[in-house]
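Starting off with a structure, shown below.
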Amino acid sequence: MKMKGKKSVLALFTGAPIGCLGGLIGLGGAEFRLPVLMGLFKYSARQAVALNLAVSLITLLSSLVFRLPNAPLNQLVTHIPVILSLIAGGMIGAHKGAQYSKNLSERALEKVILYLLIGIGLLLITESFYPVVTGGLPMPALLSIVVGVAFGLGIGVVSSLLGVAGGELIIPTLILIFGLDIKVAGTASIIISLPTVLIGLLRHRSNGAFTDKQEIRALVLPMGIGSIIGSFIGGTLIIYVSGGILKLFLGTILIVSAWKMYLKTKRKHSI
């Protein structure tokens, strides 16, 4: 019981700064939470991904509550076909991603996590030099739905393999491919992520995750609460911090921590 209490306190106090960093760049912070779950908390890759997905669901729900009152609903309505196509693709992708995770060996999953985290880190670094601006590609309505499903599939797979909501991929897709305003894209990203994460969670659960219900109370809930508090703080501090410099710094940190995490697990397997 004492150890569970220590884990809960540690989860709360690690969740808060991760949520704050995520809030500063408009993300939930799940990309940075995964190395912590595997490194500090000593979870296997498979366990860490499932737990990260559960915490992501909590942060998404809280973000939706905070954003909806001020969300540009009239603009969201005009983009419903695109949002629904991304949701459809994301749900299918999340199901497939969880299946891939089950079929991969622990070592192979660790390598996939390493490559995806490095990819997201490089994306953050790129965005620090070339900020995403509203664009959009001209395409017929039917083609936009097909493209939305295709992008959703890829995002859903990444979501289930890393246990993330996928905002770092969804928001640039909405802005660059479909021409959404950045504020509209932020809210749409949460709406798209929720069913994607939920499907991934259910699939991971059917694969054997969350058999120990104590982990939900001892880690997921306190880390989720810490992430919510941190995201709120990060959101209020955003006006004082250069987004470009922060993305460069965090992208570098993510790549370094992912590599260190991989080397640590590789040494563990070799013993």
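Placing unit charges on C-beta atoms (Lys and Arg positive, Asp and Glu negative, everything else neutral), compute the dipole magnitude of the chain about its Cα centre in debye, rounded to 20.
With only Lys, Arg, Asp and Glu charged at Cβ, the dipole is about 1200 debye.
With a 1.4 Å probe and all protein chains left in place, how much of the accessible area of the chain comes from carbon and sulfur atoms, in whole percent?
Carbon and sulfur: 73 percent of the exposed surface of the chain.
Can I ask one more? Using all alpha carbons of the chain, what is the percent of pairwise distances in each 10 Å bin, ordered from the shortest bin to the longest?
P(r) for the chain, in whole percents per bin: 7, 31, 38, 19, 4, 0.
Which of GLN99, GLN75, GLN47 moves most in a GNM of the chain, Cα contacts under 10 Å?
Residue with maximal mean-square fluctuation among GLN99, GLN75, GLN47: GLN75.
If you build a Gaussian network model of the chain, linking Cα atoms that sit under 10 Å apart, which residue out of GLY156, GLY28, GLY244 swings the most?
GLY244
Return one whole number: the accessible area per residue of segment 134-232 in Å², for a 1.4 Å probe.
So segment 134-232 comes to 40 Å² accessible per residue, rounded to a whole number.
Tilt of helix 30-39 relative to the longest C-alpha principal axis of the chain, in degrees (0 to 90, nearest 10)?
With rounding to tens, the tilt is 10 degrees.
Between segment 67-120 and segment 125-197, how many Å separate their Cα centres?
Rounded to whole Å, the Cα centres lie 9 Å apart.
Calculate the dipole size of segment 206-271 relative to its Cα centre from +1 charges on Lys and Arg beta carbons and -1 charges on Asp and Glu beta carbons; express the result in debye to the nearest 20.
Roughly 340 debye, rounded to the nearest 20.
Would you mind working out the magnitude of the charge dipole of segment 131-226 relative to its Cα centre, with +1 at each Lys and Arg C-beta and -1 at each Asp and Glu C-beta, to the nearest 20 Debye?
It works out to roughly 220 debye.
Additional query: D for segment 148-270, whole µm²/s, Stokes-Einstein with Kirkwood Rh over alpha-carbon pairs at 25 °C and 0.890 mPa s: what number?
In µm²/s, the coefficient is 144.
Let me ask you something else. On a 0 to 90° scale, report how tilted helix 141-162 is relative to the longest principal axis of the chain, with both axes built from alpha carbons and the result rounded to the nearest 10.
Between helix and principal axis, roughly 10 degrees.
What is the diffusion coefficient of segment 1-105 in µm²/s, taking the Kirkwood radius over Cα pairs and the Stokes-Einstein relation at 37 °C with a viscosity of 0.692 mPa s?
204
Quick check: the angle from helix 221-237's long axis to the longest principal axis of the chain, C-alpha only, nearest 10 degrees?
Taking Cα atoms only, the helix is inclined about 50 degrees.
Taking LYS266 as the anchor, which lysines have their alpha carbon closer than 25 Å to its alpha carbon, excluding any fewer than eight residues away along the same chain?
Within reach: LYS7, LYS42, LYS102, LYS111.
With all pairs of different alpha carbon atoms counted, what Kirkwood hydrodynamic radius in Å does segment 131-208 show?
Computed over segment 131-208, the radius equals 13.1 Å.
Please list the three semi-axes, largest first and in whole Å, of the ellipsoid equivalent to segment 220-271, using sqrt of 5 times the eigenvalues of its alpha carbon gyration tensor.
Rounded to whole Å, the semi-axes are 30, 19, 4.
Let me ask something additional. Rolling a 1.4 angstrom probe over the protein chains, ignoring ligands and nucleic acids, what is the accessible area of THR211 in square angstrom, nearest 10?
Only protein atoms counted, so the area is about 110 Å².
Pick out which of ILE83, ILE170, ILE216 has the largest mean-square fluctuation in a Gaussian network model of the chain, springs linking Cα atoms closer than 10 Å.
Ranking ILE83, ILE170, ILE216 by mean-square fluctuation puts ILE216 first.
The values are calculated or read from the model by the stated rules, or taken from the named source; none is laboratory data. Quick caveat: nothing in here was measured; it's all calculated off a predicted structure. Neighbour counts run over all protein chains shown; Cβ positions are idealised from the backbone, glycine included. Each accessible area value is taken on the protein alone, full model and side chains, heavy atoms only, with ligands, DNA and RNA left out. Shrake-Rupley method; radii C 1.70, N 1.55, O 1.52, S 1.80 Å.
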